[in-house]
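*Asks:* Handing you this structure, nothing more for now.
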Amino acid sequence: MSVQETVHRLVLDWEAAVLDGLDEDERVPSILRAPASAEAIAALEERLGRTLPPSYRAFLELTDGAITKPGWDHILLPSNEGDDAGLLTTGQVGWLRDKSPDTVEIWSDGPESNLPDEVYFDYSRTQDCVQLKVSHLPHLLQISCFEWESAILLNPLACQSDGEWEAWSFDVTDPGAFRYRSFADLLRADTTELRKRHAQEIAEASGYIPGLESAFAELDARTDDAAVNRHWEIRQLQDPQPWLHRLIALTDHPHADVRSSVWSAIARVPTTEALEAVLGLVHTESDEWVIGSVMTRLATDPDPRAHQAGVDLLSRGRIAYTVYADQAGLDLLWDAWLLHDNPECLERLVGCGDPRATEPARALLVDASTPADRIERLVSAASRPRDPSLAQAVSAVAQQGRVDVSSALSTLMQMGALDEALALITPAMLDDAEQGEMWRGWVEMIEKQRR
């Protein structure tokens, strides 16, 4: 069977697994798009300066991206600009260093994997997702949106003898990446996981939850990796209410992953007892990842104590990214920003396109005393709002050298502020012996978007 035939069958299996698990209000005829043309694929390869790996190329020949991505079990809605949802189209695919420079910068400061290559590249082994060759990050190809801090990436530095590139399922909040030999292997693994999850949902709906009793028993009695890994069975509970007392008994587990899954389940129980437990967490838990598990409950519960607890939690740490971007979540972030001036809240609001955040963000960008790292994060987050004054502020900080020009260009293009983007590229930059070709490439992309 050819690569094209194998991938075609694999993609259709993956699509069927996704569609089977969708809620009624998400039903769509297909998650696939029209095939990418040969010209579009050739243009992408020319822009990247690389030949695409066979399984990903065959995927594009079948569908130019998708409206979801591996690792997700629901449909991803387009952004305000109508792009960057799910697996990207050929026109949106790009290097991680260009599309998500902050991610590259932050993660590149982390430790390099200390595993020998024969272990690191053995994809049959159980992986520790934090063991990564972070030096590879600037060279990764981003082929999906970065929705909820996760993305699908391809690694040309780990190229197989058949031309396949290593595929990463990368998650900033997990944190780390699970790696696969190829894009095809990643799709195959996701299909298996989706089928397993759907079967569990059917079992739970019928009142039978295989293995859950043993999961609670193991987590009660043990703290080794084999037991801890069963926390996913707790997190995936469809109806956690009958298990509330068992869940509360596990809230002091020493492993943060277990506590996170337990609190995520408790937060979904619509009772006063569950809310009281969640409110108690505010005073007893210090791990930001665990606290993030209850933020949606605090944002949406009608009890005013819940909203106040959420506002108080958002005064500390980097947990703003855990707040869901519905109106209740945005209101929680806004109140926390007004009360505590936590920059993470404003960046999250800007990134979600909340119009209330536009003027405070613009004011911070033009303020000469705003620290450089905060400028960089605001520029990266500002791609959603289309406010002209915000676009002018992004352009100004780039001209002043307070933020990398490439970061500003990426943001301005996503905002649709193409005139401001072109104005950043000076004749001297185009004539530069070392980087002129890169800047001319930016001009071509801007002009193409204008057309």
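*Asks:* Select from the stretch 287-346 those trypsin sites (Lys or Arg not before Pro) which occupy a DSSP coil region and have at most 15 other Cβ atoms within 10 Å, ordered by residue number.
*Replies:* Values: sites: Arg297, Arg305, Arg316, Arg318; in loops: Arg316, Arg318.
Sites meeting the loop and neighbour criteria: Arg316, Arg318.
*Asks:* Using only helices, what value at 222 nm comes out for the chain when you add -39,500 (n - 2.57) per DSSP H run of length 4 or more and divide by the total residues, to the nearest 500 deg cm²/dmol? Kindly include the intermediate steps, with their values, before the conclusion.
*Replies:* Details: 25 runs with 238 residues, N = 451.
Taken over the chain, the calculation gives -15000 deg cm²/dmol.
*Asks:* May I pose another question? Projected onto the charge dipole of the chain (+1 at Lys/Arg Cβ, -1 at Asp/Glu Cβ, origin at the Cα centre), which of Thr251, Pro54, His307 gives the Cα projection farthest towards the positive end?
*Replies:* Checking the options against the dipole of the chain, the answer is Pro54.
*Asks:* Let me ask something additional. At what distance in angstrom do the alpha carbon centres of the stretch 279-333 and the stretch 162-199 lie from each other?
*Replies:* For the stretch 279-333 versus the stretch 162-199, the Cα centre distance is 30 Å.
*Asks:* If you don't mind, there's one more thing I want to ask. Using a cut-off of under 16 Å, list every residue of the stretch 20-50 whose amide N is near the label point 7 Å from the Cα of His198 along the Cα-to-beta-carbon line.
*Replies:* 20-32
Every read-out reported here was derived from the displayed coordinates using simple, explicitly stated rules and does not represent laboratory data. Keep in mind it's a predicted model, so treat the numbers as computed, not measured. Positions of Cβ are generated from backbone atoms using ideal geometry, with glycine treated the same way; all protein chains shown enter the neighbour counts.
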